[in-house]
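Working notes for the structure below.
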Amino acid sequence: MKILVTVKEVTVVDDEFEIDGLSIDDRYVTYDLNEWDEYAVEEAVTIAEDVEDVEVVTVTVGPERADETIRQALAKGADRAVRVWDDRLAEASMLDPATKARLLGAVAEEEDPDLVLTGVQSGDDSLGATGVSLAERLEMGWAAVVNQLDLSADEGVAHVHRELEGGVDEISDVELPAVLTIQTGINDPRYASLRGIRQAQSKDLAVKSLDDLGLGPDALDSPIEQTALYEPETEGEATLFEGGAGETAGELAGLLREKGVGQ
Amino acid sequence: MTVLAVAEHRRGELRDVSDQLVAAGYDLADETDSELHVAVVGGDTAEYGDRLNRPSVDVVHTVEAGAEFNHDVSVQAVEQLVDAVDPTVLLLPHTVNGMDYAPAVASRLDRPLVTDAVDLAVDDDLTVTRELYGSKVETTVDVHADRAVVTVRPGEWPPADGNGEASVEAFDATIDESQVRSTVTGFEEAVSGDVDITDADVLVSVGRSIEEEENLDLVRDLADALGATLSASRPIVDNGWLPADRQVGQSGKVVTPDVYLAIGISGAVQHVAGMKGADTIVAINKDPNAPIFDIADYGIVDDLFDVVPALTEEFR
């Protein structure tokens with residue numbers, strides 16, 4: 001059995017930052033493996049540990065810098081990785097779901113997985129649409145926002161819980177092959193061991209261009225365009241207590257007592 | 001031209017987001033001089049169709065399709081309805097179920113998709129405003145196409161209200177069962193323990209900035225000193241540091257205490273959805289740009305590890 005996990009290198013913005021055109025000024029950003037994808041990787045690696053003969057392949061769309069991120073997934077136990085890149089992608093500020101599904105879909109078609117796991121959404125763009133777009137493209141079944149997964153490979157079914165709003169789970173059976181978008185909290189993602197990190201360096205990481213995937217340049221044509229980026233006007237009218245911690249805590253204590261708290 | 005908004009229901013109830021979608025659809029239809037159509041797929045279509053007949057709605061389409069949402073059914077029904085109505089903009093909710101079918105609908109229709117809209121405008125193009133980096137910044141996205149699918153963030157539009165004069169029309173969708181690859185077998189409520197945070201008058205709520213499980217004692221001590229109940233934002237529950245019945249937010253509980261003390265909580269939209277109804281909101285966070293300060297009544301911009309022990313001391 002083969003599990004494909006899509007992962008994304010996300011942009012993490014500092015508390016204090018400046019905007020430079022349509023992006024955050026480089027000085028205020030770092031990059032990391034998307035939080036939701038960490039849970040997707042963990043879920044795949046756990047299945048590979050529990051079931052015999054499972055290969056876990058991770059795929060990402062990103063520049064050379066993203067090798068570091070995808071190696072994090074390899075260090076946690078994925079077997080090999082594929083990174084898709086084309087320099088023209090550097091100019092696209094926000095990839096629309098269809099473009100992402102085209103790129104990832106081309107890799108999925110080559111790999112022919114039984115199960116695809118993605119994070120529910122990314123922490124930067126938060127479009128939350130990659131997994132289901134990909135499923136539709138691959139003509140696979142799917143389930144979005146999965147917080148419990150019980151794979152029954154013999155029956156060809158994934159028994160899942162989908163986390164609905166308000167503390168209610170929907171319980172569903174999804175036919176395999178399927179794409180499942182994984183919610184945080186579904187498991188307890190491991191830290192990579194030193195041994196894992198060492199091994200990750202020698203695992204296969206294939207870099208693929210559009211040509212390699214049989215995609216023409218129009219695969220990057222996007223009908224959506226980011227036109228502005230700005231800090232939202234603060235709607236806040238909070239009264240801020242200022243000074244050292246002793247001072248502010250004292251003022252807040254006064255306010256809380258006024259409200260009848262702690263009496 | 002037509003704007004089509006598709007309502008959402010679950011377990012016998014039309015969900016609140018439905019009337020918000022009607023409102024967003026109304027704004028868009030008004031701006032573009034379009035007709036406003038609303039649809040509901042499955043559930044008690046007679047009752048829902050009647051409810052969705054809000055002022056300014058031209059047509060309500062009701063589609064018989066089983067009691068509960070099934071994405072494979074909704075995708076087919078909405079695809080066929082769009083083929084019949086040909087809306088310029090199809091509005092769907094950015095909810096858990098919206099996320100489960102909107103991308104597939106857009107993909108099948110080969111129309112661009114923009115998700116999680118907090119505002120919509122039309123000039124030459126449709127312009128969607130959305131948030132990035134956990135609400136730190138806003139961005140505008142132009143759609144260069146004459147047809148689009150947009151999902152709308154819950155809670156951003158005031159709900160449509162009142163009775164309208166729409167024609168309520170049944171729409172027959174042909175569901176190809178061979179394309180239904182998933183089956184909903186039931187629902188399960190989160191297990192609740194002996195503490196009901198929705199009953200508390202005062203909540204001390206802790207978020208990601210507490211960093212380590214051991215540090216939870218700091219906020220436990222504060223809650224004890226204040227006679228308050230301890231609650232948390234999602235990352236604390238995801239880490240297994242507190243049980244799920246302590247979680248405030250969209251996927252947890254909606255709380256309305258007299259006082260809500262948010263400690264080290266950034267105030268992501270999913271969290272705010274669960275606590276914005278508190279009478280008094282106090283935030284302690286070292287990030288001055290944290291969205292929690294947008295809805296807080298009082299705030300301290302400082303390190304919680306300095307402020308929280310000092311505050312506990314005040315009540316000892």
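More than 8 Å from every other protein chain (Cβ to nearest Cβ), outside any strand (DSSP E or B), surrounded by fewer than 16 Cβ atoms within 10 Å (Cβ to Cβ) and not polar (S, T, N, Q), is that true of residue A:150? If you could, list the steps in order and put the result at the bottom.
Working: more than 8 Å from every other protein chain (Cβ to nearest Cβ): yes; outside any strand (DSSP E or B): no; surrounded by fewer than 16 Cβ atoms within 10 Å (Cβ to Cβ): yes; not polar (S, T, N, Q): yes.
For residue A:150, the condition - more than 8 Å from every other protein chain (Cβ to nearest Cβ), outside any strand (DSSP E or B), surrounded by fewer than 16 Cβ atoms within 10 Å (Cβ to Cβ) and not polar (S, T, N, Q) - is not met.
Residues that are within 14 Å of chain B (Cβ to nearest Cβ) number at least 2 in the following strands (runs of 3 or more DSSP E) confined to the range A:1-45: A:9-13, A:29-33.
For the range B:116-158, which positions are part of a strand (DSSP E or B), under 26 Å from residue B:289 (Cα atoms) and either in contact with a Gly (Cβ under 8 Å, 6 or more places away or on another chain) or not assigned by TED's automatic domain parsing to the domain that holds residue B:93 (or both)? It would help to see each step written out before you state the result.
At the first step, the residues of the range B:116-158 found to be part of a strand (DSSP E or B) are B:116-117, B:119-122, B:126-132, B:137-143, B:148-152.
Checking which are under 26 Å from residue B:289 (Cα atoms) leaves us with B:116-117, B:119-120, B:127-132, B:137-141, B:152.
Selection gives B:116 alone.
Contact map, the range A:154-167: first residue not assigned by TED's automatic domain parsing to the domain that holds residue A:179, second residue surrounded by fewer than 16 Cβ atoms within 10 Å (Cβ to Cβ), Cβ cut-off under 6 Å, separation 6 or more or different chains; the map is empty. Scanning the range A:206-248 for residues that are more than 29 Å from residue B:133 (Cα to Cα), away from chain B (no Cβ under 14 Å) and charged (D, E, K, R) yields A:211, A:212.
How many residues are acidic (Asp, Glu), closer than 30 Å to residue B:139 by Cβ and free of Cβ contacts under 8 Å to residues at least 12 places away in the same chain when one looks only at the range A:231-252?
In the first step, residues of the range A:231-252 are kept if they are acidic (Asp, Glu); the result is A:231, A:233, A:235, A:237, A:242, A:247, A:251.
So of that shortlist, the ones also closer than 30 Å to residue B:139 by Cβ come out as A:231, A:233, A:235, A:237.
Retained after the next criterion (residues that are free of Cβ contacts under 8 Å to residues at least 12 places away in the same chain): A:233, A:235, A:237.
Result for the range A:231-252: 3.
Given the options A:5, A:12, A:51, A:29, name the one that is touching a helix residue (DSSP H, G or I) at 6+ places or on another chain (Cβ under 9 Å) and either at pLDDT 95 or above or in the same structural domain as residue A:99 (by TED's automatic domain parsing) (or both). Quick ask: steps written out before the conclusion?
Values: A:12 fails: touching a helix residue (DSSP H, G or I) at 6+ places or on another chain (Cβ under 9 Å); A:51 fails: touching a helix residue (DSSP H, G or I) at 6+ places or on another chain (Cβ under 9 Å); A:29 fails: touching a helix residue (DSSP H, G or I) at 6+ places or on another chain (Cβ under 9 Å).
Checking each option against the conditions leaves just A:5.
Does the range A:81-88 contain any residue that is out of contact with any strand residue (DSSP E or B) (no Cβ under 9 Å at 6 or more places or on another chain), in a helix (DSSP H, G or I) and not aliphatic (A, V, I, L, M)? Within the range A:81-88, one or more residues are out of contact with any strand residue (DSSP E or B) (no Cβ under 9 Å at 6 or more places or on another chain), in a helix (DSSP H, G or I) and not aliphatic (A, V, I, L, M). From the set of residues in the range A:111-145 that are more than 7 Å from chain B (Cβ to nearest Cβ), assigned to a loop (DSSP other than H, G, I, E, B) and not acidic (Asp, Glu), which is farthest from residue B:76 (Cα to Cα)? Among those that are more than 7 Å from chain B (Cβ to nearest Cβ), assigned to a loop (DSSP other than H, G, I, E, B) and not acidic (Asp, Glu), it is A:122. The set of residues in the range B:214-257 being within 18 Å of residue A:263 (Cα to Cα) and in a strand (DSSP E or B) consists of B:229, B:230.
Among the residues of the range B:176-197, which ones are surrounded by fewer than 16 Cβ atoms within 10 Å (Cβ to Cβ) and touching a residue at least 12 places away in the same chain (Cβ under 8 Å)?
Narrowing the range B:176-197 to residues surrounded by fewer than 16 Cβ atoms within 10 Å (Cβ to Cβ): B:176-179, B:183, B:185-189, B:191-196.
Hits for the range B:176-197 are B:176, B:179, B:183, B:187, B:191, B:192, B:193, B:195, B:196.
Note on the range B:97-115: among residues that are at the interface with another protein chain (Cβ under 7 Å from one of its Cβ atoms) and surrounded by fewer than 24 Cβ atoms within 10 Å (Cβ to Cβ), the one that is farthest from residue B:150 (Cα to Cα) is B:108. Consider the range A:162-179 and keep the residues that are surrounded by fewer than 21 Cβ atoms within 10 Å (Cβ to Cβ) and within 22 Å of the chain's Cα centre (by Cα). The one that is nearest to the other protein chains (Cβ to nearest Cβ) is A:169. Which of the residues that make up the range B:258-273 are under 21 Å from residue B:216 (Cα atoms) and not hydrophobic (A, V, I, L, M, F, W, C)? If the condition is that a residue be under 21 Å from residue B:216 (Cα atoms) and not hydrophobic (A, V, I, L, M, F, W, C), then B:260, B:264, B:266, B:267, B:271 are the ones that fit.
The values are calculated or read from the model by the stated rules, or taken from the named source; none is laboratory data. What you see is a predicted model; the values in this text were computed from it and never measured. Please note: Cβ atoms are built from the backbone with ideal geometry, for glycine as well, and neighbour counts cover all protein chains shown.
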